[in-house]
Amino acid sequence: MFKFWKKKPAPQPAAEPAPAPEAAPSAGPLPDLAAPLPVAPTTPLPPPLPPVASEPVSVPEPPPAAATEVPAVLPPPVMPVAEPAATEPAPLPPPIPEPAPLVESLPEPAAEPAAEPIAAEPVKRSWRERLSGSHFARSLGSLFHRNPKLDDDLLDELETTLLTADVGVEASTGMVENLRKRMHKREFADAPALLAALRQLMIEMLTPVAVPLDVSSRKPFVILTVGINGAGKTTTIGKLAHRFGQERRQVILAAGDTFRAAAVAQLQTWGDRNQITVMSQGQDADAASVIFDALQSARSRQTDVLIADTAGRLHTQGGLMDELGKIARVLKKQDPEAPHEVLMVIDGTTGQNAVNQVRQFRQVVGVTGLVVTKLDGTAKGGVIFALAREFGLPVRYVGIGESLGDLQVFDVEAYVDGLLPAHLGQG
């Protein structure tokens, strides 16, 4: 038995060293083996235990190191997370109010059409507003205000007022004598009745000459404009072209005023403004040749109206007046009836001198219509009565302003209302 016991312990110590590290955590079996072997040389085993204890001490060191690394890595992701959280593009809603101004701009165009009819309303009243500053209107208004009593003195002052307003001797005398006879017959009860009778006489005198220009009878309808220097021929041509353009008519302008340096450029400016063709050959060119070529072009293009400008001249300048006759003869080579209208432009401020001008131009070129301009300024306003009494020529248009629409078809009642106050005390 002893031998058997001795043989078993010898292999046990050799086999135990391997599991010793595994049994290290469980300290219970080690004291059981040591009890039967009190003197065995296994006493040195305790020293290996401290290294086992040293291993767990080294193990806890890595965890704190790892713990420090984790917080170091976490802050970077927090920063990108904070950036998307601050997404400032979210304030994009401010662009939403931009459509609001667009809606506000829409009513503005709507207000413009509303302003057009307002500007069109005072067209009839504009005659009174613009003619009220003339000598004729101011004198008549103050006359009836000073002398409301019906007597011969009132009629004498009325005749003087008509004469100083360029109405003319024959026209003034005729109207005053008519009123005097009716006053003596007691047809007028008071001054307003006399004023109404005067208005009626003036309308009756001007009604026969208020004949609008009709350009639809010929194609092309040739209009030859004549007049003295400064009467406003070129400006009248530009306004006429604008009026015909508003009527959907095709117009060609002929720059026949080759005598004045700026005349051709001025007419071309009006052509560009109205988008109308202007035929010209430059300064010092033959006026008859320019208008002849313009008529050829107008006929080939089937143009509705041809308006020819001519050089301004005084009625006392025989050579220039003869040139007008030459232009008329040259036009008749293409159209025996041309020019279809010889439109003379008269400055309303020239007074009785206009009668002499019309007389001379009528003998040379055969004036068929009149345009009286500048009636809104310092014109005395009565020259139309003198022209109507002397010649009976149609008054086609009158100029009462500088804008394009201020060249108006002659309206007798509107013209008389502008000169004569509607009620006493107005002027």
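Give segment 143-163 a look and list any residue that's over 20 Å from ILE384 (Cα atoms) and either acidic (Asp, Glu) or not in a helix (DSSP H, G or I) (or both), or say none.
Going residue by residue through segment 143-163, those that are over 20 Å from ILE384 (Cα atoms) are 143-157.
Listed by number, the residues that qualify are ASN147, PRO148, LYS149, LEU150, ASP151, ASP152, ASP153, ASP156, GLU157.
Let's see how each residue does on (1) surrounded by 17 or more Cβ atoms within 10 Å (Cβ to Cβ); (2) of a type outside the set (Asp, Glu); (3) not in a helix (DSSP H, G or I):
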| site | (1), (2), (3) |
| --- | --- |
| LEU198 | yes, yes, no |
| THR207 | no, yes, no |
| ILE223 | yes, yes, yes |
| LEU306 | yes, yes, yes |
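Tell me which residues, restricted to segment 232-241, are over 16 Å from GLY369 (Cβ atoms) and not in a helix (DSSP H, G or I). Show your work before the answer.
Filtering segment 232-241 down to residues over 16 Å from GLY369 (Cβ atoms) leaves 234-235, 238, 241.
Result: no residue meets the conditions.
Could you tell me which residue of segment 377-403 is modelled with the lowest pLDDT, considering only residues that are of a type outside the set (D, E, K, R), more than 36 Å from the chain's Cα centre (by Cα) and over 20 Å from GLU341 (Cβ atoms)? I'd like the intermediate steps shown before the answer.
Residues of segment 377-403 of a type outside the set (D, E, K, R): 377-379, 381-388, 391-395, 397-401, 403.
Narrowing further to those that are more than 36 Å from the chain's Cα centre (by Cα): 382-383, 385-388, 391-393.
If we keep only those that are over 20 Å from GLU341 (Cβ atoms) as well, we get 382-383, 385-386.
Values: GLY382: 85, VAL383: 89, PHE385: 93, ALA386: 92.
Out of the qualifying residues, it is GLY382.
Results for (1) in a helix (DSSP H, G or I); (2) of a type outside the set (D, E, K, R), shown as yes or no for each residue.
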| residue | (1), (2) |
| --- | --- |
| GLY230 | no, yes |
| ARG243 | yes, no |
| ILE252 | no, yes |
| ALA265 | yes, yes |
| GLN281 | no, yes |
| ALA285 | no, yes |
| ALA294 | yes, yes |
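Pairs, please: C-beta under 7 Å, at least 6 apart or cross-chain, first residue in the same structural domain as ARG260 (by TED's automatic domain parsing) and farther than 14 Å from HIS242 by Cβ and in segment 274-285, second in a strand (DSSP E or B) and among the β-branched types (Val, Ile, Thr)?
Within 7 Å, the pairs are THR277/ILE252; MET279/ILE252.
Within segment 164-196, how many residues are of a type in the set (A, V, I, L, M) and either outside any helix (DSSP H, G or I) or surrounded by fewer than 17 Cβ atoms within 10 Å (Cβ to Cβ) (or both)? Outline the logic, then answer.
As a first pass, look at segment 164-196 and keep what is of a type in the set (A, V, I, L, M): 165, 167, 169, 171, 175-176, 179, 183, 189, 191, 193-196.
After this cut, where a residue has to be either outside any helix (DSSP H, G or I) or surrounded by fewer than 17 Cβ atoms within 10 Å (Cβ to Cβ) (or both) as well, the list is 165, 167, 169, 189, 193, 196.
Total meeting the criteria: 6.
I'm told PHE259 meets every condition in (1) under 19 Å from PHE221 (Cβ atoms); (2) outside any helix (DSSP H, G or I); (3) among the aromatic types (Phe, Trp, Tyr) except one. Can you identify the failing condition by its number?
(1)
Go through GLN275, GLN268, GLN281, GLN250 for me and flag whichever is surrounded by fewer than 20 Cβ atoms within 10 Å (Cβ to Cβ), in contact with a helix residue (DSSP H, G or I) (Cβ under 7 Å, 6 or more places away or on another chain) and not acidic (Asp, Glu).
On the way: GLN275 fails: in contact with a helix residue (DSSP H, G or I) (Cβ under 7 Å, 6 or more places away or on another chain); GLN268 fails: in contact with a helix residue (DSSP H, G or I) (Cβ under 7 Å, 6 or more places away or on another chain); GLN250 fails: in contact with a helix residue (DSSP H, G or I) (Cβ under 7 Å, 6 or more places away or on another chain).
Answer to the check: GLN281.
May I ask you to verify whether GLY319 is without any contact (Cβ under 8 Å) to a residue 60 or more places away in the chain, at positive phi and more than 40 Å from the chain's Cα centre (by Cα)?
Working: without any contact (Cβ under 8 Å) to a residue 60 or more places away in the chain: yes; at positive phi: no; more than 40 Å from the chain's Cα centre (by Cα): yes.
So GLY319 does not fit the description; no.
If a residue must be charged (D, E, K, R) and more than 13 Å from PHE391 (Cβ to Cβ), how many such residues does segment 340-366 contain? Please lay out each step first, then the result.
If we filter segment 340-366 for residues that are charged (D, E, K, R), which is where we start, we get 341, 347, 359, 362.
With more than 13 Å from PHE391 (Cβ to Cβ) added as a condition, the list becomes 341, 347.
Adding up the residues that qualify gives 2.
The values are calculated or read from the model by the stated rules, or taken from the named source; none is laboratory data. Nothing here was measured: the structure is a model prediction, and the numbers come from that model. Every residue, glycine among them, receives a Cβ derived from its backbone with ideal geometry; neighbour counts consider all protein chains shown.
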